[in-house]
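One structure below.
The values are calculated or read from the model by the stated rules, or taken from the named source; none is laboratory data. Nothing here was measured: the structure is a model prediction, and the numbers come from that model. Don't worry about glycine lacking a Cβ; one is built from the backbone with ideal geometry, like all the others, and counts go over all protein chains shown.
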Amino acid sequence: MVLDETWRRLDGVEALSGPHGGPLRRTVKLVLDPLVIRPVQHPECAGAMLSADGAILLATRLHAAADVLRATSAWFTLLKQTRRALRITEGNAQDLYFQRCFELATMSGMPDPVRDRVAAEAALRDIHDMTAGRTTQALKEYLSDPLRADELTELVHIAWGRRPLTAAADHTAALAELLDACAAARLDPDLSDADIGEPIAAFLGTHTGIRLWIDENPGRAQYLGLTLHERPQPPRIGETASTAALGLPLDRTIHERVFTVLQASTDRTELPDIPDLVDAEIARSCAPWALLDESLRLTAAAGAVLAVLLQPFDTLLPRGPLGSSGTAAEPAAGSAAARVINSRWQREAYVLQARRLMVRADATGPLAAIAAELQVPWRPYLRRLWARLHGRDVRELPVYAPDELWDLLDGVARSVILDHRTLVKRALAAESAAPETLESRAG
């Protein structure tokens, strides 16, 4: 609220603002948080709840940066105009340009649309040369060749046929203990005996991933929201990909999987070439949890155990037969890790609104959709977790320590909570523009 109110008092930052005047989510993520507020250096500004001094400091830092933020907005407008003139369509302009615009604003101040056109072109060429040929268009051309598509489909069949289909016993109890130990390690490393080396050596993540495939446990991957099928199916090569229409994690085509990697990369020179990316993705998509690194498989397995303990509502909700118990509250009550996240989630105002909507048979619209999703919270949580683990797997970034594993799991929960909060704000803003809806609800 402090950030939003302070931002609305600034003028000349329209290119960094949303339709209702507040800062864009990417503005906060890419510019304000890391470059202006700097919560690590200013912990008073870091919490969800600010003290009076923290609120003053946050507002002060934004006002102090007002000139450079106005210049950043102007540079972004200039880069977008130049982008259109150069017919560049690759990548999301906000993701690619926001931080570069802040750099240009800091070094050069407010741009002149004519004089600084050359500088804008140079910045764009520098940014897009960083793709080194690893573009989504190059990916599409590579996969659209009929002969190559047939060869890659054959590789998928071979890799899928070689999957391991023998898993050890259920490791839920061991993973639950690991979760609590990792949460304790983050709170006080000196008092925790958490160790991820032993479960990694025992291949707990691999065995848990195999259980998504085998006949004795049908439907678990579907219940977790990772696939539409009772059991994961071999991936298709695919012909197109769009961030607005991605499949569920285990249903995504090879095209979609590599596409998301390219879209999320600001410096693609660090990635393998397109053919190598595709070959590695085929192997990855046919592996347990569709991940190659054992520490990331362990993180996925632990995340799945945590996910079915998530309970945004502080009332009992029935769980399906594949849940960890008959109700959400029973296992969560004994899990320190689940209590940490559930207590944070249950304090969210939008959760209280969603709980009220649950008892209304006529509830419709975006808020009702959020209320429905909060009844199966493990699904958005695991979809987000898998996407992060997939990105780390592609870049060969394993999990090394218990506190790192917990930070990943806890960070995903925070991200899901913030996403829901944003959706609720948008829905309420839309409703406020429809007086008849409010009047009928008041009645």
Would you check if Glu90 is modelled with pLDDT under 90 and of a type in the set (Asp, Glu)?
yes
**Message:** Being within 30 Å of Ala138 (Cβ to Cβ), assigned to a helix (DSSP H, G or I) and hydroxyl-bearing (Ser, Thr, Tyr): is that true of Thr89 here?
**Reply:** no
Hey, Ala120 surrounded by 15 or more Cβ atoms within 10 Å (Cβ to Cβ), more than 17 Å from Ala280 (Cβ to Cβ) and under 30 Å from the mean Cα position of the chain (by Cα) or not
no
Taking the range 1-38 and keeping residues assigned to a loop (DSSP other than H, G, I, E, B) and hydrophobic (A, V, I, L, M, F, W, C) leaves Met1, Leu10, Val13, Leu24
So the helices (runs of 4 or more DSSP H) completely within the range 231-325 holding 2 or more residues that are at pLDDT 95 or above and either in contact with a strand residue (DSSP E or B) (Cβ under 9 Å, 6 or more places away or on another chain) or surrounded by fewer than 22 Cβ atoms within 10 Å (Cβ to Cβ) (or both) are 274-285
Of the residues in the range 1-45 that are closer than 20 Å to Trp75 by Cα and among the polar types (S, T, N, Q), the one that is surrounded by the most Cβ atoms within 10 Å (Cβ to Cβ) is Thr27
Per the list (1) crowded, with 19+ Cβ neighbours inside 10 Å; (2) under 15 Å from Leu16 (Cβ atoms), residue check on Lys80 breaks on (1)
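Table: residues versus (1) assigned to a loop (DSSP other than H, G, I, E, B); (2) loosely packed, with under 13 Cβ neighbours inside 10 Å; (3) β-branched (Val, Ile, Thr); (4) at pLDDT 70 or above.
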residue	(1), (2), (3), (4)
Ala368	no, no, no, yes
Leu382	no, no, no, yes
Glu396	yes, yes, no, yes
Val416	no, no, yes, yes
Ala430	no, no, no, no
By residue number, the members of the range 47-102 that are of a type in the set (A, V, I, L, M, F, W, C), closer than 25 Å to Ser265 by Cβ and in contact (Cβ under 8 Å) with a residue 60 or more places away in the chain are Phe76, Leu96, Phe98, Phe102
Within the range 44-73, restricting to residues that are over 28 Å from the mean Cα position of the chain (by Cα) and not in a helix (DSSP H, G or I), the one that is nearest to Asp112 (Cα to Cα) is Ala65
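I'm trying to understand the selection: among the residues of the range 364-399, which are of a type in the set (A, V, I, L, M) and within 28 Å of Leu262 (Cβ to Cβ)?
Narrowing the range 364-399 to residues of a type in the set (A, V, I, L, M): 367-372, 374, 376, 382, 385, 387, 389, 394, 397, 399.
Scanning the range 364-399 gives Leu382, Leu385, Ala387, Leu389, Val394, Leu397, Val399.
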